[in-house]
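We did not get these values from a lab; they are worked out from the coordinates using the rules stated. Just so it is clear, the model here is predicted, and its values are computed rather than measured. Cβ sites come from the backbone with ideal geometry, for glycine too, and all protein chains shown count toward neighbours.
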Amino acid sequence: MTTANPNFLKLQNNYLFADIARKVAAFKQAHPDRRVISLGIGDVTRPLTPAVVQALRLAVDDMSVADRFHGYGPEQGYAFLREAIVQNDYVARGVSLSADEVFVSDGAKPDVGNFQELFSQDSIVAVTDPVYPVYVDSNVMAGRAGEQQGQRWDRIVYLPCVKENDFVPDFPSVRPDIIYLCYPNNPTGTVLSRAALQGWVDYARREGCVILYDSAYEAFITDPDVPHSIYELEGAQEVAVEFRSFSKTAGFTGLRCAYTVVPKALKISDGKGGQVSLHAMWNRRQSTKYNGCPYIVQRAAEAVYSPQGRRELQDVIASYQRNAALLRGAAGGMGLDVHGGVNAPYIWVGVPRGLDSWGFFDRLLQQAGLVCTPGAGFGAAGEGYVRLTAFGTPADTEEALRRLRNLY
Ligand code: PLP
C-alpha cells in the first residue's frame, strides 16, 4: 500500500474553528429563539464596491469576444496590475520596486503557505506566539517543525508577544533562518513601530535570516509611525519577502487576489558556498505549479486603485474601523484589558479574572449570544485573551455592544 507523508500525519485537525462551530450549533439548538452574533469570523461582510463590480463586468465582456478574450495569462500576473501595485502601494510611499518583483496570485494564504518550499528542510523557523496558524502548519507539513510538545513544536522558535513586552517580539536566543512577522497582527491587532521593525530588519541582515512579512491588514493602518510596507525600512529588500492581499482591503475574500513581493536583491545560500536569488526561485516555483490569477479578477483588483475605487474603499475600511473603535470602547468599559483595534480590524481582549479564554468564550455565548475566538487557539501565549473582529455589519456590531453592556 502507498504510504502517507508522515509529516502530514503529525498535524492534528484544526480543532479551533470546529470546536467553536460545535459549541455555537449546540447553543442554537438549545435556544432557537436567540440570534447569535459572531465577533469571531475573519471574513468581511461588506460587498464589493461599484468600481470593482464595474471592472469585473467589463472584463467578463472582454472574455466574450474573440479579440479581447484572455486564455492562460502570465503566471506572475498581468503587467497592468503589477504596474498599478508598484505605483500605488510602493512608489507612492517612496519605495522603489520594479513591477517584475511583484507576483500576483489568488491569495496570501497559499503564497505564505507555499513560500517555505524554497528553503532547505533543516531551516529553523521562528514565529510569534500567538500566531496565524498557516505559518506553523505549512512548516509541519514540510517536516521542519520537529515533534509536538503540548501546544508547541520542538524545532520551531517561538517569539512570545505578550503584554509584558508590549506585544513586540524580542530577538530569539537561537538564530532562526526564517522569521514570520505579521503586522498589523492577526490575532492581536497590534503593530510594530518603524523603529521596532527596523530593529528586525537589522537583526535579519546581521544574522543572515529571511523575514516573511505578512501585511494582509495594511489597509487598516492609521498611525503615521507605523510602516505600511517593510520596504520602507532601510535594507529590507535584502532580507524580506512581503505578502499582501486584496481580501481584507477590498472585500476579495471570495473573489481571490493577492500578491507577493520578492525583491531581486534578496539572496540566500545555495548550501555550496554560493548564493541564489529567491526571486528566481519563486518565479520558477510559480511557473511550474501555478497558472495565474484569472484575468477578470486582476481587472477587478486594478479598479481598487482607480480614483473611484479608492474613495469607495476608504468608506468600507472606515466602517470597519468604526466597528473596531466601538468594540474597543465597549471592552474597555467592561474593565477588560484591551489591545489592538486601532491599526487593525482585530481587538485582543484580556479575559476577566478567574476565567480562561474558553471560559470567557462560553460566558459570552451562553449569556449574550456572542461568538468570539479564544486566544488559546492561536498558541500558548494567547491563553487569557479572546479575539474580537470588526468585520461585522454596523447593525450587528451595535447589537453586540448592547448585549455586552447588559452583561456587565
Ligand atoms: N494572512 C493573514 C495574517 C490572514 O489573517 C489571512 C486571512 O485571514 C490571510 C493571510 C489570507 O489572505 P487571503 O484571503 O489573501 O488568502
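The stretch between D61 and E399, if pulled fully straight at 0.36 nm per residue, gains 117.5 nm over its current Cα-Cα span. Distance from the Cα centroid of region 246-299 to that of region 133-169 is 24 Å (rounded to whole angstrom). In terms of the Cα gyration tensor, with a ≥ b ≥ c the square roots of its eigenvalues, is the chain rounded because a/c is under 1.5, prolate because a/b exceeds b/c, or oblate? Taking the square roots of the gyration eigenvalues as a ≥ b ≥ c, the chain is oblate. Between D356 and E234, the simple spin-label model (points 7 angstrom out along Cα→Cβ) gives 4.7 nm. The Cα atoms of region 335-408 give a gyration tensor whose axes a ≥ b ≥ c have a/c of 1.5 or more with a/b no greater than b/c, which makes the shape oblate. The string of couplings for region 245-261 from the Karplus curve (6.51, -1.76, 1.60, θ = phi - 60°) is 9, 8, 4, 8, 6, 9, x, 8, 4, x, 7, 6, 7, 8, 8, 10, 9 Hz, one whole number per residue in order, with x for Gly and Pro. Dividing the helix sum by the residues of the chain, where each DSSP H run of 4 or more adds -39500 (n - 2.57), gives a mean residue ellipticity at 222 nm of -11500 deg cm²/dmol. Can you grab the distance from the C-alpha centre of region 1-77 to the C-alpha centre of region 218-242, Å, no decimals? Region 1-77 and region 218-242 have Cα centres separated by 27 Å. In straight-distance terms, cross-link reach from K272 covers every one of the lysines whose alpha-carbon lies under 29 Å from its own, apart from those fewer than eight places away in the same chain; here that gives K264, K289.
In plain terms, the chain is cut at each of the GluC sites (Glu not before Pro) found in a DSSP loop with at most 14 other Cβ atoms within 10 Å, and the longest leftover piece is 235-408. The string of couplings for region 114-128 from the Karplus curve (6.51, -1.76, 1.60, θ = phi - 60°) is 7, 4, 4, 4, 7, 9, 5, 5, 8, 4, 8, 10, 10, 10, 6 Hz, one whole number per residue in order, with x for Gly and Pro.
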